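Bear in mind that the values in this text are calculations on the coordinates, not laboratory data. Keep in mind that what you see is a predicted model, and the values were worked out from it rather than measured. Cβ atoms come from the backbone with ideal geometry, glycine included; neighbour counts cover every protein chain shown.
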Ligand code: XMP
């Protein structure tokens, strides 16, 4: 079946993928195209959407792209940067300035098919520095924007050229804060481009099964099966396409798994009928040996990724199946956050995008049937493939496992800019009746699509979730160098935070495993496990008792695609459990809950 499709031109950041997801939600295929792809790659689509960009200005050298798209006889819609590019291409003028950020009112000034079914004033979400100041002769204004009833009017917030079938909006219809953004996208996709809604997960299965068969031919696939949602759905999909004989599964215990995880993963694969060629290897010595003494997070990630491949190759040789393709459960965010697309900066290296794997991909030795999907879509696919609900809705667990949740340190306090940060943090915290301490360690975060490696702040005191979140937001806005905020669950404000020298060792991993187990059980026991998207538990080498015991951080988040996340509020009963169980663990002296949104903090600490 040939589907009607929309190309989303990816000018960077996360916008294009969100737009693609929105289009796919309408059951219309959306494919990501790079701006400099040859014009042939843009043919055959029913319409194009040009995305916004986190860094580009319509003036930038970087904004060179395949402008021959404007000669294609299909409708084109631009958002933000895309809107400015369309205006510019057809004789309009863009100026620096006129910045708008956040919720804004769009006043619709002319009837346009893009705005069919909308109210005269709509709430939209803006994030731009440059502005369309003039439009070309074929264009007209269809909306202007205004912040508040008496606010200044921004012209050309939405424009169209009905004869040319070109449309542009300065705001972002793809984000939830643009209340009827979905209607605008649907108007474009269905009414303007005439797409039919045939792209469903059911059809996706059929298409992927055919693709896998074509790609693998008479060969076989050897899949690294961690037991997470992605690799399990991949396994079932590959199993459906190739049959259990031509699919070898390898589950590796890397020593960085959760408590009892490997045992239950193996049992689950057996139960799904994929036990025929199921291999298990305890490679914890390989991993922990290679990680010994390593502190830097990116280095740890690389090592874990490399050892996975080394173990995989060794096992393949041992089993005599080294010619098989390597299967991976890679999903879209894994590639974008490693800088997989041309304009996305590296935020961190995912374990399935380390250089060895990149090389194997170049050689055509890797198969990744979920690489275009987001987690929500993978879960929908899993449901259609008949996977157990518990398995589908289990919290995502990263490939490098507890390796990215076990922070390491050389024990030297990292206090480089403390003088500047500490007073500002204290002042803001006190406004909310809290104490605020900058911690002398750093964790990974993401700011404006770039990786950050900055300090967390710990807030102590009782203020309520709302005030805590607000205090955190103010600190992120006003104090440069902070990307994470914690709320202290310990018995009082610590007198000192002393970094302890700590690396990846079995006893530390066992302690983290236990804390992780206790926290997860508490979420299950109080019926909130499935309300929370993911809840990493981290062991942070900071001692507050002067005896070298470490701190545990609980990181509950709500999210949809892991691209952004909001901190989850934990009920009193869970907080009580955590305090009672985790603070009682020998070797733990502090406990905190992470109240950081993404951005500026990532979900994981490393
Ligand atoms: P961050 O920390 O970037 O994580 O907000 C987003 C999501 O990705 C997961 N994650 C990984 N998953 N391999 C994986 O399979 C990795 O290397 C990796 N790093 C982060 C993380 O758990 C969250 O769900």
Exercise. Using only the C-alpha atoms of the chain, find the volume of their convex hull and express it per residue in Å³.
Key: 157 Å³
Quiz item: Rounded to a whole number, what is D in µm²/s for the range 228-317 from Stokes-Einstein with the Kirkwood radius over alpha-carbon pairs (10 °C, 1.306 mPa s)?
Solution: 112 µm²/s
Practice problem: Compute the convex hull volume of the Cα atoms of the range 438-572, divide it by the residue count, and report the result per residue in Å³ as a whole number. | Solution: 132 Å³
Quiz prompt | Paired Rg and Dmax values of the range 55-163, which use every Cα atom, in angstrom | solution = 13.9, 42
Quiz prompt | Relative contact order of the range 1-100, pairs being alpha-carbon contacts under 8 Å that are 6 or more residues apart, as % | solution = 27 percent
Quiz prompt | Residue exposure sequence - 253, 130 - by fewest surrounding Cβ within 10 Å | solution = 253, 130
Quiz item: Using only the Cα atoms, what convex hull volume per residue in Å³ does the range 384-439 have?
Solution: 184 Å³
Quiz item: Across every pair of different alpha-carbon atoms, what Kirkwood hydrodynamic radius in Å does the range 150-302 reach?
Solution: 20.5 Å
Quiz item: Got the relative contact order for the chain handy, in percent, Cα pairs under 8 Å and 6 or more residues apart?
Solution: 10 percent
Self-check item: Structure-based [θ]222 nm, the chain - -39500 (n - 2.57) summed over DSSP H runs of at least 4, per residue, nearest 500
Solution: -9500 deg cm²/dmol
